[in-house]
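Following: one structure in structure tokens, then a few remarks.
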Amino acid sequence: MVQETAVCRRVKRQPARASTVLRGLALPFFWLYSYDSTMRSIVQTGDPVLRAIAKEIPLDQIGSSRIRSIIADMKLLLGKEEFGVAIAAPQVGESLRMFVVAGSAALKRKYSEKKREKGETEDYEKFEGHPTDDEAYINPILIKTSRGKKDKHEGCLSVRGKWGEVPRAEKATVRAYNERGEKFERGASGFLAHIFQHEMDHLDGILYIDKATSVYDDADKK
């Protein structure tokens, strides 16, 4: 997640049963991606799940109770994070090609609280183009980006206590499936385009620090 960005949680799986191991590759889909949301913790750098290439979700499983539950947990975790604007499945310990972008209503609420604390004027321009509600992107593909890039201030809850400057395209278009299994495209510019690129990197095992032109500690930012 971009921090105004990305959240990350780890799933601790229970040991496999003997009968499960014997089945090998014949395991049903829900066994391969089983989890216990009560055991989640934030995934940090060094955890292999953040460096793996995430797996596509079979189209006939998009509406399954398992995938719906993972998405619900992602939205819940995202809502609890002060700087969370999006979250990718690997950040919650699930190596699946999926991310969720926070809706503009939630983002404006978080943004307003921070502005009021600092005594600053509210300005919602950066959230233009955002969906009103939290939106899931399943098996997303980045189909187009603009040529021009600018350094963007970026952080990630997988890399606690640090920030950086990352070159990102000003515009980006993503094609994906929604929670109902319907294919859609969303073009974006500015902040939302920035988020798309950060989350797509997560699905390919890339962290923003890999691309940053500079990285500094949170204390330096203050």
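Taken together, the values in this text are just the output of simple stated rules run on the coordinates, not laboratory data. Everything numeric in this text was worked out from a predicted model, so none of it was measured. Glycine also receives a Cβ, built like all others from the backbone with ideal geometry; neighbour counts cover every protein chain displayed.
Quick notes on this structure:
- Residue exposure sequence - Leu192, Leu142 - by fewest surrounding Cβ within 10 Å: Leu142, Leu192
- Between Lys55 and Leu96, Arg97, the built amide H atoms are under 5 Å apart, and every one of these is 5 or more places off in sequence or on another chain.
- With neighbour counts taken as other beta-carbon atoms within 10 Å, the residues Phe191, Phe184 rank, fewest first, as Phe184, Phe191.
- What the phi angles of the stretch 61-67 give under the Karplus curve with 6.51, -1.76 and 1.60, with θ = phi - 60°, is a coupling list of 9, 4, x, 5, 4, 5, 5 Hz, glycine and proline written as x.
- Couplings for the stretch 84-99, taken from phi via the Karplus curve 6.51 cos²θ - 1.76 cosθ + 1.60 with θ = phi - 60°, read x, 10, 6, 8, 9, 4, x, 6, 10, x, 10, 7, 10, 7, 6, 9 Hz in order; Gly and Pro are left as x.
- For Val159, Val166, Val215, order by how many other beta-carbon atoms lie within 10 Å, fewest first: Val215, Val159, Val166
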